[in-house]
């Protein structure tokens, strides 16, 4: 019995030892789990803050890197991080914002967090660093792959394109059905071209802004920028001659409106051209016939930006003012004194006139970069294909293929007239109609699914509009947008 009692005592001591070891192990494991969860929570929080900082700052590139850095820091602070401005010290956390190219911003955010239970093992804190890169997708370029928007009959800046178009803007009291839904006040003007018998609800985009905007996109390293205009003023002539400036209804003896050109400086909101500041000395209003000898069928310098030019999207705004009926056609070019040549293209939409269409002609529609693979492309065409005999128009991708799309046409009241799915191609004439014009005074809206595997044809990312019209004259407005958020995170 004595030996048995001693054995039980020995086993009681071992159990206590094992129990103590187990408790220590379980507490250590629990402590490690708590600290590991704490680290994971803060790592996720830091990553989200880095993502937000990159997206907040990237919108200022390429022209304002200091603003990109400042907004990235402000975003991190708003998410609870103690970030100092450059040159200051004493902050707990650190942020570095680095531009990558012209449209990407890389942000690295670092912080230190205290530990809980692992402090007893000497791990008082943990360092966490997370990285994020954001990209600002600029407006999709319309109408031009180079430094000219519109034709260059002289070949001075761009090779003349057979069947190319002119930039155009209509006077306020022109019929809307003549092809310009945004610059014309009237569905129908009165007899004196200074009033409307019925108004156009789309005039000035319903009160948003009037006229049309063109991007003059400048890369880093450019100096001495010139913006030039071809045949800038309104010089009345036959619609089939030269640029075809001509008064339309109600009468050829009615006055015509002034044309105003304003160059606006680059700013940090490329998707909103309306808020850019006007460049001093770059605001011109031409009355009808003004400076005809100096401007008709000639290039003239509208504005010069001397010295180093801030990179980004400078904006040319064109609109008409006053009374009258008709359409003014012109071209725009941008030239750099040194560094890469700028690009010129339509922003959001483009108002064009063509008086040389013949046979099958491909016109530049919209540039779609592979960055938009998997997105949706929305195209809109106003009053297209004004012709009196069989005529067609079809969208072509960079490889010349006609994509599949869903589409609908709406009249000036917004009522759906037609709709369909299939090849993105339309016959624009209908012999059953009195004037044979199938889409007269209507918008066609087409939605195209961009494949996940979409690529450009070499360096050519432009989608085209193939026009096959019996009548060489076409006045129309086209719109394009890629549906989606312009700011996104990239790997």
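The table that follows gives values for the structure above.
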| quantity | calculated |
| --- | --- |
| Residues of segment 97-117 that turn out to be over 20 Å from residue 127 (Cβ atoms) and not in a strand (DSSP E or B), as a count | 3 |
| Segment 361-395, residues that are closer than 22 Å to residue 343 by Cα, assigned to a loop (DSSP other than H, G, I, E, B) and in contact with a strand residue (DSSP E or B) (Cβ under 7 Å, 6 or more places away or on another chain) | 368 |
| Unique match (being at positive phi, in contact (Cβ under 8 Å) with a residue 60 or more places away in the chain and either assigned to a strand (DSSP E or B) or out of contact with any strand residue (DSSP E or B) (no Cβ under 6 Å at 6 or more places or on another chain) (or both)) among 468, 441 | 441 |
| Flag if residue 255 is closer than 24 Å to residue 157 by Cβ and in contact (Cβ under 8 Å) with a residue 60 or more places away in the chain | no |
| Residues being in contact with a helix residue (DSSP H, G or I) (Cβ under 9 Å, 6 or more places away or on another chain) and surrounded by fewer than 21 Cβ atoms within 10 Å (Cβ to Cβ) - total across segment 462-484 | 2 |
| Flag for residue 351 being in a strand (DSSP E or B) and either within 23 Å of the chain's Cα centre (by Cα) or closer than 26 Å to residue 221 by Cα (or both) | yes |
| Breaking point among (1) out of contact with any strand residue (DSSP E or B) (no Cβ under 9 Å at 6 or more places or on another chain); (2) in the same structural domain as residue 312 (by TED's automatic domain parsing), for residue 151 | (1) |
| Candidates 267, 283, 231 - the one that is surrounded by 18 or more Cβ atoms within 10 Å (Cβ to Cβ), over 30 Å from residue 72 (Cα atoms) and under 28 Å from the mean Cα position of the chain (by Cα) | 231 |
| Odd one out for residue 277, checked against (1) in contact with a strand residue (DSSP E or B) (Cβ under 7 Å, 6 or more places away or on another chain); (2) crowded, with 19+ Cβ neighbours inside 10 Å | (2) |
| Hey, residue 397 closer than 24 Å to residue 178 by Cβ and in contact (Cβ under 8 Å) with a residue 40 or more places away in the chain or not | no |
| Options 192, 240, 224; residue that is surrounded by fewer than 17 Cβ atoms within 10 Å (Cβ to Cβ), touching a residue at least 12 places away in the same chain (Cβ under 8 Å) and on the phi > 0 side of the Ramachandran plot | 224 |
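The values are calculated or read from the model by the stated rules, or taken from the named source; none is laboratory data. If you're wondering where the values come from, they're calculated on a predicted model, not measured in any experiment. Because the Cβ atoms are built from the backbone with ideal geometry, glycine has one as well, and the counts that use them run over all protein chains shown.
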